[in-house]
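All of the numbers you see were taken from the coordinates with simple rules; none came from a lab. This structure is a prediction, so every number in the text was calculated from the model and none was measured. Neighbour counts are summed over all protein chains in view; Cβ atoms, including those assigned to glycine, are modelled from backbone coordinates with ideal geometry.
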Amino acid sequence: MKTTNANAEPAGDPGAEDDAAHSQPKYLQIVEDLRNNIQSGRYRSGARLPSESELVRRFGVSRMTVVKALQQLQQAGLLTRRAGSGSYATDLAKDQKPVFGLIIPDLGQTEIFEPICQGMAASPNASGHLLSWGHSAGSGADSGDNAEYLCTQYIEQRVSGVFFAPMEFGPRHDQTNQRVLKALKAANIAVVLLDRCVMAFPARSEYDLVCLDNRRAGYIMANHLLRQGARRLAFLALEGSAETVDDRLTGYREALYAHGINVNKDLMVRGDPSDATMIARLLGAHKIDAIMCANDFTAAQLMKTCLGLGVRVPDQLRITGVDDVRYAELLPVPLTTFHQPCNGIGAAAIATMLDRISNPHLPARSVLLNGHLVVRQSCGAMLHQH
């Protein structure tokens with residue numbers, strides 16, 4: 001699978017010029033004209049297209065506008081550009097591979113999405129496909145702006161499908177997620193959700209979802225701590241976390257039930273793990289001997305706070321996470337965690353998207369992947385060996 005960045009519209013880009021007789025930008029008029037001529041056979045495979053200078057004169061636009069249009073057609077696989085020679089129509093065989101867009105507002109901010117993308121690119125099903133991705137709408141743009149910007153770009157490019165990791169945090173993340181999905185649906189673009197749904201249980205969105213089996217992960221992590229001797233086991237997550245955290249919490253509760261331990265709502269905490277006052281109060285009030293964190297990032301922050309409070313990990317407090325990010329084994333006390341199969345999620349997402357495009361009327365599905373427990377020192381398992 002080839003990859004390319006979605007093209008941002010530079011400030012003052014002539015591509016934004018509007019003809020009084022048309023509602024769409026000039027560069028899209030050029031795209032539509034050339035696309036129709038290529039698909040109708042006027043420009044056959046290998047035929048040389050009009051030069052940039054010819055297109056400038058024909059449409060009355062700047063060269064930058066023409067270049068933008070040609071770049072979009074190139075991304076769509078409709079033409080090839082040869083330095084010093086010009087642009088040429090490509091072979092539009094019936095089995096031409098589709099183009100996919102990628103909307104991941106957290107790309108580069110968390111460690112799970114880059115390997116998911118790598119899994120997509122490495123999948124045998126991805127051979128010959130084009131993955132168009134990017135995450136910036138310009139300086140000063142927030143995650144919501146980036147998501148909506150990319151959505152607009154992919155609709156203009158007429159991609160075949162979009163992989164979307166819904167926003168998890170932010171004051172308007174729900175509204176942004178819904179606007180993105182509404183726009184893609186109106187454009188008849190297939191969507192596969194990555195890592196999380198856009199609706200809280202028991203509601204279910206109309207889109208395919210590919211992610212870790214979070215309920216199973218939560219059960220395994222809680223069960224592991226209970227088997228190590230924990231009896232006052234708490235669950236800690238950041239406020240505003242996605243429904244994936246709710247699934248992990250469900251697994252935690254089921255493990256308590258399986259061990260005959262009553263569920264205490266006071267031990268299911270949503271808060272800031274770096275808040276030393278809150279953590280000290282939690283530990284002191286409930287005599288907690290273990291904390292299962294919703295993810296590795298929360299666990300790392302909690303460990304730092306506990307060490308600052310003089311709480312010894314794992315002697316006085318056992319800590320675990322979920323994800324198995326790269327720094328997990330490099331923390332002051334190496335972190336026991338649940339490995340998330342990011343490459344496998346990427347490969348499964350490609351397969352799910354191709355199936356969705358081939359069978360658009362299938363009911364929405366959840367593809368849940370298994371991970372595995374990674375035991376390190378933070379859970380106290382090593383204490384039994386001495």
Inset, instruction - Name the residue, out of Met292, Met120, Met64, whose mean-square fluctuation peaks in a Gaussian network model built on the chain with Cα pairs under 10 Å. - result: Met64
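Can you put His129, His286, His372, His361 in order, fewest other beta carbons within 10 Å first?
The most exposed by this proxy come first: His361, His372, His286, His129.
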Inset, instruction - Rank these for me by crowding, Leu107, Leu317, going from fewest to most other beta carbons within 10 Å. - result: Leu107, Leu317
Inset, instruction - Take Phe297, Phe169, Phe163 and order them by how many other Cβ atoms sit within 10 Å, fewest up front. - result: Phe169, Phe297, Phe163
Legend entry - Convex hull volume of the stretch 210-328 per residue (C-alpha atoms, cubic angstrom): 97
Legend entry - Full-extension gain in nm, Ser358 to Met268, via 0.36 nm per residue minus C-alpha separation: 28.1 nm
Legend entry - Estimated distance in nm for a label pair at Ala351 and Gln71, the labels positioned 7 Å out from Cα along Cα-to-Cβ: 3.6
Legend entry - Label corresponding to semi-axes √(5λ) of the Cα gyration tensor in Å when calculated from the structure given, among [x] 49, 20, 18; [y] 34, 22, 20; [z] 30, 26, 21: [x]
Legend entry - Helical mean residue ellipticity (222 nm; -39500 (n - 2.57) per DSSP H run of 4+; nearest 500) of the chain: -12000 deg cm²/dmol
Inset, instruction - Starting from the amide H of Met268, placed 1.01 Å from N in the peptide plane, find each other amide H under 5 Å away whose residue is 5 or more places distant or on another chain. - result: Phe235
Inset, instruction - Mind telling me which of Gly86, Gly101, Gly371 comes out most flexible in a GNM of the chain, alpha-carbon contacts under 10 Å? - result: Gly86
Inset, instruction - Report, for the chain, the % of DSSP beta bridges that are antiparallel, rounded to 5. - result: 20
Inset, instruction - First measure r as the distance between the Cβ atoms of Arg44 and Val375, then evaluate 1/(1 + (r/R0)^6) with R0 = 51 Å and state the FRET efficiency to the nearest 0.05. - result: 0.25
Inset, instruction - Pick out, from Val191, Ser85, Ala348, the residue whose Cα sits farthest towards the positive end of the charge dipole of the chain, with +1 on the Cβ of Lys and Arg and -1 on the Cβ of Asp and Glu. - result: Ala348
